[in-house]
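Read the structure below first, then the notes.
The values are calculated or read from the model by the stated rules, or taken from the named source; none is laboratory data. The model shown is predicted, which means the values in this text are computed figures rather than measured ones. All Cβ positions, even for glycine, are placed from backbone atoms using ideal geometry, and neighbour counts span all protein chains on display.
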Amino acid sequence: ETGYITYDPGYANTGSCKSDVTFVDGEKGILRYRGYPIEDLAEHATFIETAYLLIFGDLPTRGQRQKFRDLLSEQELLHEGLRHHFEGFPSTGHPMAILSAVINALGCYHPDLLEIDSKADFLRAAAKIISKVRTIAAWSYRKAQGLPFMYPDPKLSYCRNFLHMMHSIPHRHYEPTDAQVRALTLFFLLHADHEQNCSCSTVRMVQSTEANLFASVSAGICALWGRLHGGANAGVIEMLEHIHEGGTSIPDYLEKVKNKECKLMGFGHRIYKSFDPRAKILRKAAHDMLESTGHDDPLLDIALEMADAAMSDEYFIERRLYPNVDFYSGIILRALNIPVNMFTVMFAIGRMPGWIAHWYEAYADGATKIHRPRQVYTGREPRVYVPLDSRI
Ligand code: SDX
């Protein structure tokens with residue numbers, strides 16, 4: 001009698017999958033990459049070792065690590081044709097839009113890698129993305145600042161090279177402190193993968209159509225951009241700055257959250273219902289880094305006070321809301337002089353190895369069917385066409 005029906009076709013291929021890459025136990029706050037606890041990797045590994053682990057499945061030997069490093073160094077330059085793309089972007093262009101566009105455009109300059117026919121092809125495509133993503137990100141920042149592009153320096157490590165392209169100027173090489181390089185390594189490593197999150201599922205969704213690696217990763221970048229996902233780290237800093245500038249007090253802000261007027265950015269998680277192990281590590285790293293560089297960031301003090309207040313408040317406790325990976329990460333990026341509108345780009349750089357590892361796992365599986373979610377139809381029941389003159 002309502003003219004509407006409900007039709008539920010039941011389960012279809014919604015993209016849920018088996019995977020060997022990453023293990024997450026949200027109840028116990030456990031995160032492991034290929035079986036290695038994130039705490040051990042954070043303490044002992046470099047970002048490139050972690051990228052190798054995620055992609056190849058094991059930690060590299062010294063020889064394998066050097067070979068991977070050499071491959072990334074070979075691939076760090078962008079084709080000069082791609083450099084001209086930056087001339088077309090407005091200086092106000094959002095770096096996430098530039099990143100997804102240029103990563104996808106990489107396929108135009110490497111058409112032989114649009115069809116991956118071997119593991120060697122995959123490795124070349126993967127190395128191009130992991131290495132060049134730094135150059136693209138840094139150049140989008142330099143374009144916005146009206147600064148000349150700094151080319152990558154093959155003598156530098158992965159993280160030092162990125163900071164060099166971001167902050168060096170001609171004839172004055174930027175020399176980050178070891179504490180800054182360590183903090184950036186940790187930031188990238190802790191973001192390297194997180195099983196079937198929204199952006200990873202997007203990469204696997206696009207791969208399931210047999211689209212190429214560049215297009216799949218570009219789609220992942222777009223999914224990550226949203227405020228509820230990778231955009232949250234910028235949202236946290238905007239929230240903390242609002243409080244710092246006297247826009248509101250912590251108790252008043254938390255009241256607004258409880259009245260559902262806004263979200264507590266950097267809190268809550270689809271899976272972690274106890275604590276996000278990455279947040280614990282980043283909280284200490286942010287504190288240690290500021291201490292070692294003699295930096296004093298009032299936003300960290302506000303963040304610590306806010307976290308303590310929220311975690312002792314019934315509203316957040318009963319909803320099992322705790323700091324997630326985004327709550328403290330922005331403090332580290334600020335201390336590295338990364339602008340807020342680049343925060344999600346930084347998340348994307350860290351997440352590249354994870355997306356690529358999942359893409360290859362699905363590709364190599366060969367049995368992956370195209371992802372085709374179904375729906376519960378709640379629309380109109382069948383109707384007869386009404387001629388135009390008869391419509392009132
Ligand atoms: C990332 O999936 C991944 O792995 C993602 C990620 C990764 O590494 O890829 O970990 C990275 O995206 C981390 C999340 C970053 N986003 C934010 O920090 C934005 C703020 N967080 C929320 O938007 C939210 O917590 C989500 C989106 C992360 C999760 O949303 P859910 O699953 O809907 O949360 P929930 O079911 O646990 O919510 C339960 C209750 C609800 O209230 P009630 O309807 O029961 O009254 O808690 C509320 C929610 O409204 N709630 C929040 C809140 N998060 C949930 N209330 C205020 N502030 C929040 N942040």
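Give the residue, chosen from Met166, Met205, that is assigned to a helix (DSSP H, G or I) and within 19 Å of Ser131 (Cα to Cα). Step by step, each of Met166, Met205 is checked, and only Met166 is assigned to a helix (DSSP H, G or I) and within 19 Å of Ser131 (Cα to Cα).
When the range 46-64 is filtered for residues that are in a helix (DSSP H, G or I) and either hydrophobic (A, V, I, L, M, F, W, C) or in contact with a helix residue (DSSP H, G or I) (Cβ under 9 Å, 6 or more places away or on another chain) (or both), the ones remaining, listed by number, are Phe47, Ile48, Glu49, Thr50, Ala51, Tyr52, Leu53, Leu54, Ile55, Phe56, Gln64.
This table checks each residue for (1) within 23 Å of Lys128 (Cβ to Cβ); (2) aliphatic (A, V, I, L, M).
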site	(1), (2)
Ser16	no, no
Ser19	no, no
Tyr33	yes, no
Ala42	no, yes
Ile48	yes, yes
Asp58	yes, no
Gly63	yes, no
Lys67	yes, no
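If only residues of the range 296-333 that are away from the ligand (no atom under 15 Å from the Cβ) and surrounded by fewer than 15 Cβ atoms within 10 Å (Cβ to Cβ) are counted, the one that is farthest from Phe188 (Cα to Cα) is Ser312.
Here's the yes/no breakdown for (1) of a type in the set (A, V, I, L, M, F, W, C); (2) not in a helix (DSSP H, G or I):
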| residue | (1), (2) |
| --- | --- |
| His295 | no, yes |
| Asp308 | no, no |
| Ile338 | yes, yes |
| Met342 | yes, no |
| Met346 | yes, no |
| Arg383 | no, yes |
| Asp389 | no, no |
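Residues of the range 258-293 that are within 15 Å of the ligand (Cβ to nearest atom), buried (at least 20 other Cβ atoms within 10 Å of the Cβ) and either in a helix (DSSP H, G or I) or hydroxyl-bearing (Ser, Thr, Tyr) (or both): Tyr272, Pro277, Arg278, Ala279, Ile281, Leu282.
Can we say Gly235 is within 24 Å of Ala192 (Cβ to Cβ), in a helix (DSSP H, G or I), within 8 Å of the ligand (Cβ to nearest atom) and small (Gly, Ala, Ser)? So Gly235 fits the description; yes. Does Ser249 fit the bill of being hydroxyl-bearing (Ser, Thr, Tyr), more than 30 Å from Phe23 (Cα to Cα) and more than 10 Å from the ligand (Cβ to nearest atom)? It is true that Ser249 is hydroxyl-bearing (Ser, Thr, Tyr), more than 30 Å from Phe23 (Cα to Cα) and more than 10 Å from the ligand (Cβ to nearest atom).
A single entry from Ala192, Ala219, Ala183, Ala223 fulfils the requirement of being buried (at least 24 other Cβ atoms within 10 Å of the Cβ), at pLDDT 95 or above and small (Gly, Ala, Ser): Ala192. Can you confirm whether the range 191-202 contains a residue that is in a helix (DSSP H, G or I) and more than 12 Å from the chain's Cα centre (by Cα)? Yes, the range 191-202 contains a residue that is in a helix (DSSP H, G or I) and more than 12 Å from the chain's Cα centre (by Cα). Looking at Ser157, Ser208, Ser199, Ser218, just one residue is closer than 30 Å to Leu114 by Cα and within 16 Å of the ligand (Cβ to nearest atom), and that residue is Ser199.
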